[in-house]
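Input: a single structure, listed below in structure tokens.
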Amino acid sequence: MSEAKVIHERKHVWRDEILLIVSLVVFVGIVYVLDGAIQPVFTPNTLLLTGVFLALVPAAIWLTFFYLQDRAEPEPKGFVLGVFGLGALLAAAIGIPVVENLFRVSHWLRNDTMSVILGGILVVGFTQEFLKYAAVRYSIYNSGEFDEPTDGVIYATAAGLGYATVLNINFVVSNGGVDLGAGIIRMAVVALAQAAFSGITGYFLGRAKFESEQIWWMPLGITLAAVFNGVFNWLQGIVTRPTITLSGATTNTWMGLVLAAVVALLTTGIILWLVRRNIRSLEAGK
Amino acid sequence: MKPKLFKPFWFLLTVLVSVSLACYGGGAPAVEPVTPVTPNDSPVAESGDLSASNRAKLISATVQIFGLFNQNGELIPGYVGSGTILTPTGLILTNAHVASPTTIGNPDLEPDTLGVALIVSEDKPAVPSYIAEILAVDGYLDLAVIQITSTVNGTAVDINSLNLPYVELGNSDNVRVGDNLNIFGFPSIGGNTITYTKGTVSGFSSESQIGDRAWIKTDATISGGNSGGLAADNAGRIIGVPTIAASGAEGLQDITDCRQIQDTNGDGIVNQNDSCIPIGGFLNGIRPVNLALPLIQAAQAGRQYTSPFSQSGVVSQPGSGNESAGDFVWLDTSSSTAQKCTWESNTVSSYAASVYCIASGFAYSNMTDGQLVVEYWYKDGQKVSEYSYAWEWGDQGLFGTYLPNDGAPMPSGTYYVELYAGDNLNFLGSSPQVVVGSGSSGSTEQPQPSGDTATVQGVVYDAATNNPISGAYVFVLTSGTTYEQWANTNYSDSYIAAYLQTGNNGAYKITGIPRDTQFTLVFSAQGYYDVYADNLVVGPNDPAVNELNVGLNK
Amino acid sequence: MANKQASLGDRFAEITVILVTVIALAAGWFYKSSIENASLPFSAEGISAEAPKGWLQAEPSGDVLLRTTDINSSGFGATYTVRKIAIAGDATSSEIASRVSLEHAQNLIAFRMLDQREVTVHGRDAFEINYVFVESNPDLTHTEIPSVVLGTDYVFLSGDHAIVVSFQADEKNYDLDLNRFHLFLQSLNF
């Protein structure tokens, strides 16, 4: 690799992240309104297919932005797509079976606050975050295509969206089709959350590769992502819990999307700030 | 007042069957014969063994018969015997002491109903499948014909579509000494599979009332539970019923091998106070099937069967003929509990609605121990209960008897009791009428002021998919209990006023919620966060029906 | 700055990540087990056991001393029942088992006995019956598909009483829940 290569921030990465968040929320709004206004009638099969199609949308949005804006500085597109696929594959082959069948979380996780948080971090968080980390660490990490700290965030986000896409397809299929208006909210929440927590792992991966970090650096990154993951799920449960009165129950599903969008924006913002600071210090030390 | 040793209500009820038998009062429904049963007279080919196909046929037509006792609303098996299906419509030949122990002098053993277990597979225990009732019984011959009437869950069966495996009748008069005998039955209780015993006819024995062929004797050792089972010739036709030589027969011992295996008096332990169940022992006799023909024909024609033989020592002591009962009074039962009816010596003129039983006292004279006594209880002019029992309290004295309501308070109404005695059921006397509660006849439900209670109904659904959740629990907690308190007691039953599970469409409906009363609603489903509302109150101005659809989150 | 190739430090970091993940998952597994196997002491009429915590627990009524249902299992909730039945001194466990199966046949829809045998379970002689039945909500407003339920009863003899311990669970969950039931069975004292 060239010694002279300048470490710089790929600015479009942040644009892409923020555009993903905003356009997802907009997209959810459109689907929700359309679904309510048109009230399309589906056969079970077309409902299922439409659901699966919607599950692909968050990843498609991000990838589209990424590809459109990357012309100036072409990132090897095949690799990003490959990591996305690897994240999806690991989710389908290991992640979902481990969480749902081996740990059978539906049987005990929502027992009480303690179990939601602890189980969410130790089981769900670590499984998901480790697999997304592995999708990057054991594929692109050692190649020349991972040549800047920011690449960590890009590839990890791709892996996260791959993971989220499979979670959402599984959500649609295992429910035998979902109400589009309600379902799209949930899918957007999952996509935003997975992308955001992957971003944390990605930041740690980027620094791990290009700086001599301590041995605890990467474990810290995974743990942090897992903790965020678990705490986020707990908060989701709280904000979406309906309030019951005799005149009816509130539906707080939208609150879940608001929470996810805020968490995703905050996470992206913090990582952005950290990366900038990091790059400045690297340049200063050159 | 001479207290009567009351057996539990269910047990008195058991004697019902024997009443209809003792007085031959009918009530057994006419069964339309689909396959007329006639003895098969064709000669028996005495060649070797029973063929495998015949054996399979005989096995599948052999049934296990349970004497079922109603204990606290549950039917539990008291004793077990065997039987043989004679027609595809479920006509079964068995012993009288299996079908109705009363007829051989054991009224204490009379079951509430009979269960029939069919063989599904030879190596598996018979599967309890049907309830049967008695059509014809002869205590002297110790033979009975019973008919399957409903499934074990209580659903009536269409006997014409039962299409059960059955055994043809043979002709027991053609049986000779040395002929092969094939005996099928269920030797004892306890999940035992069908047992096949081979033997030969070793002789016959006579009885004065029956004649030369009163019994077929065999060298085969037949164990106790085979009673009522199937003895077939090599052509696969029934020629007799393996029978414990019963009390009515000459020169043969009484049923002495019986033991207490059930908590029949419900006192929590099994001991000598419980009814003795004939179970073990060995059978030494086979009742020739030809003796059963009159019973079978009577049963198929829907006629009443009357035994031509005289018996002694059975329930129906003729009695003096001039029994009487009078001076009927109603006794104070306010100290009774749901479990036990007790009464004081003071009389009452009416009962409160909350009593668990009502009791009548009367004076009697000229009674004979062992004679049949029947009580008919009436409510609002309609017969609601009928008890019968063998008298055992001497020729004269005072007597108390009672009517319970299965541990629930007596329904309001006007009651009286009539007393009959003897074989001919002579009327002895009747009590004055007494009013329980408000005395309102008909519906026992008090008319509710409309709008007194409220309903909460709706659908429990997945908030992320809008799909209904089936099998979600909806709990109504007792007034004042919050979800947290309930969770802290390990979700104890004692805080649940009611609960239900949603159906496929996620729907639930809770009715009868009193107004101005706090209650807590909890919605719970596997893999979802619980959703609850503590201390809801339906106010006086709230609508009677409240729609409440609840979305659960994962 | 050079693109750092996989160094020794990287190798260690990689192993540590795996190690931390494995530790976290192991802790998660223990935590899961501790929730699923959490128990509350139960005792009635000389019978004591560790009943599962967080299950719906019915008060003793009649000869049923304990009836506890896992409301967190899908379909027919896994249910343990402990009954104490008076028996004759010389009754055998197979006799009681046959009585129990007859009761099942009366109360349960499409009851079928699968097999029965004498066993030694957690050091005690018992008679085991395995059966299957169909549970459907009797409420006619419900239109759900009935669930197929597998059941296992153990009949223990104890003096003049028989202790009948039942485990019934949805066909789908029966195997998953069986271990938990044996934990309960092991804790049973009479």
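The values are calculated or read from the model by the stated rules, or taken from the named source; none is laboratory data. Predicted model, so just to flag it, every value in this text is computed and none were measured. Here the Cβ positions follow ideal geometry from the backbone for every residue, glycine too, while neighbour counts run over all protein chains shown.
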Selection from the range C:30-68 of residues under 30 Å from A:Pro219 (Cα atoms) and either at the interface with another protein chain (Cβ under 7 Å from one of its Cβ atoms) or crowded, with 18+ Cβ neighbours inside 10 Å (or both) yields C:Tyr31, C:Lys32, C:Ile35, C:Glu36
Exercise for the section: Evaluate the range A:54-61: report whether one residue or more is buried (at least 16 other Cβ atoms within 10 Å of the Cβ), in contact (Cβ under 8 Å) with a residue 12 or more places away in the chain, under 18 Å from the mean Cα position of the chain (by Cα) and within 14 Å of another protein chain (Cβ to nearest Cβ). Expected result: yes
**OP:** For the range B:63-77, state whether one or more residues are β-branched (Val, Ile, Thr) and modelled with pLDDT of 80 or more.
**Re:** yes
Of the listed residues (B:Trp393, B:Trp377), the one being surrounded by 18 or more Cβ atoms within 10 Å (Cβ to Cβ), out of contact with any helix residue (DSSP H, G or I) (no Cβ under 9 Å at 6 or more places or on another chain) and either of a type in the set (Val, Ile, Thr) or outside the structural domain of B:Pro101 (by TED's automatic domain parsing) (or both) is B:Trp377
Going through the range B:515-554 in order, the residues found to be at positive phi and within 7 Å of chain A (Cβ to nearest Cβ) are B:Gly527
Taking the range A:242-286 and the residues there that are outside any helix (DSSP H, G or I) and polar (S, T, N, Q), the one that is farthest from A:Gly206 (Cα to Cα) would be A:Ser247
Expected output for the range B:172-186 (first residue in the same structural domain as B:Gly203 (by TED's automatic domain parsing) and in contact (Cβ under 8 Å) with a residue 12 or more places away in the chain, partner among the aliphatic types (A, V, I, L, M) and in a loop (DSSP other than H, G, I, E, B), Cβ below 7 Å, 6+ apart or cross-chain) is B:Asn174/B:Val44; B:Asn182/B:Leu50; B:Phe184/B:Ile194; B:Phe186/B:Ala126; B:Phe186/B:Ile194
Cβ pairs under 6 Å, 6+ apart or interchain, first in the range A:103-115 and closer than 8 Å to B:Gly527 by Cα, second assigned to a loop (DSSP other than H, G, I, E, B), ordered by first then second residue, are A:Ser106/B:Gln526; A:Ser106/B:Gly527; A:His107/C:Asn72; A:Arg110/B:Tyr529
Of the residues in the range B:399-417 that are part of a loop (DSSP other than H, G, I, E, B) and among the small types (Gly, Ala, Ser), the one that is modelled with the lowest pLDDT is B:Gly407
Within the range A:211-241, of all residues that are assigned to a loop (DSSP other than H, G, I, E, B) and touching a Phe, Trp or Tyr at 6+ places or on another chain (Cβ under 9 Å), the one farthest from A:Arg110 (Cα to Cα) is A:Glu211
In the range A:154-186, anything crowded, with 24+ Cβ neighbours inside 10 Å and among the acidic types (Asp, Glu) is listed as none
Filtering the range A:161-176 down to residues that are of a type outside the set (Phe, Trp, Tyr) and assigned to a helix (DSSP H, G or I) yields A:Leu161, A:Gly162, A:Ala164, A:Thr165, A:Val166, A:Leu167, A:Asn168, A:Ile169, A:Asn170, A:Val172, A:Val173, A:Ser174
Note on the range A:164-193: residues touching a Pro at 6+ places or on another chain (Cβ under 9 Å) and closer than 14 Å to A:Pro58 by Cβ are A:Ala164, A:Thr165, A:Asn168, A:Met187, A:Ala188, A:Val190, A:Ala191, A:Leu192
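Results for (1) surrounded by 15 or more Cβ atoms within 10 Å (Cβ to Cβ); (2) modelled with pLDDT of 90 or more, shown as yes or no for each residue.
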{"residue": "A:Gly230", "(1), (2)": "yes, yes"}
{"residue": "A:Thr253", "(1), (2)": "yes, no"}
{"residue": "A:Val263", "(1), (2)": "yes, yes"}
{"residue": "A:Leu282", "(1), (2)": "yes, no"}
{"residue": "A:Gly285", "(1), (2)": "no, no"}
Among C:Phe111, C:Phe127, the single one that is modelled with pLDDT under 80 and aromatic (Phe, Trp, Tyr) is C:Phe111
All conditions in (1) more than 11 Å from chain C (Cβ to nearest Cβ); (2) modelled with pLDDT of 80 or more are true of B:Asp49 except (2)
- Query: Looking at the range B:189-204, is at least one residue under 25 Å from C:Ile129 (Cβ atoms), assigned by TED's automatic domain parsing to the domain that holds B:Leu295 and modelled with pLDDT of 80 or more?
  - Reply: no
Inside the range A:210-228, the number of residues satisfying the requirement of being more than 8 Å from every other protein chain (Cβ to nearest Cβ) and modelled with pLDDT under 85 is 2
* Might you check whether a residue that is in contact with a strand residue (DSSP E or B) (Cβ under 9 Å, 6 or more places away or on another chain), away from chain A (no Cβ under 14 Å) and at pLDDT 75 or above occurs anywhere in the range B:437-452? => yes
* Confirm whether A:Leu180 is farther than 23 Å from A:Val25 by Cα, hydrophobic (A, V, I, L, M, F, W, C) and within 14 Å of chain B (Cβ to nearest Cβ). => no
Inside the range B:366-398, the number of residues satisfying the requirement of being assigned to a strand (DSSP E or B) and either modelled with pLDDT under 85 or hydrophobic (A, V, I, L, M, F, W, C) (or both) is 19
Quick count over the range A:239-259, residues being of a type in the set (A, V, I, L, M, F, W, C) and within 7 Å of chain B (Cβ to nearest Cβ), is 3
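Every residue, every condition in (1) hydroxyl-bearing (Ser, Thr, Tyr); (2) under 16 Å from B:Gly285 (Cα atoms); (3) crowded, with 18+ Cβ neighbours inside 10 Å; (4) at pLDDT 80 or above, yes or no:
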residue	(1), (2), (3), (4)
B:Leu143	no, yes, yes, yes
B:Asn153	no, no, no, no
B:Leu164	no, no, yes, yes
B:Val167	no, no, yes, yes
B:Ser206	yes, yes, no, no
B:Ile216	no, yes, yes, yes
B:Asp219	no, yes, no, no
B:Ser223	yes, yes, yes, no
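Yes/no per residue for (1) touching a residue at least 24 places away in the same chain (Cβ under 8 Å); (2) within 15 Å of B:Gly78 (Cα to Cα); (3) in contact with an Asp or Glu (Cβ under 6 Å, 6 or more places away or on another chain):
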site: C:Ala78; (1), (2), (3): yes, no, yes
site: C:Val82; (1), (2), (3): yes, no, no
site: C:Ile85; (1), (2), (3): yes, yes, yes
site: C:Glu95; (1), (2), (3): no, yes, no
site: C:Leu102; (1), (2), (3): no, yes, no
site: C:Met113; (1), (2), (3): no, no, no
site: C:His122; (1), (2), (3): yes, no, no
site: C:Asp125; (1), (2), (3): yes, no, no
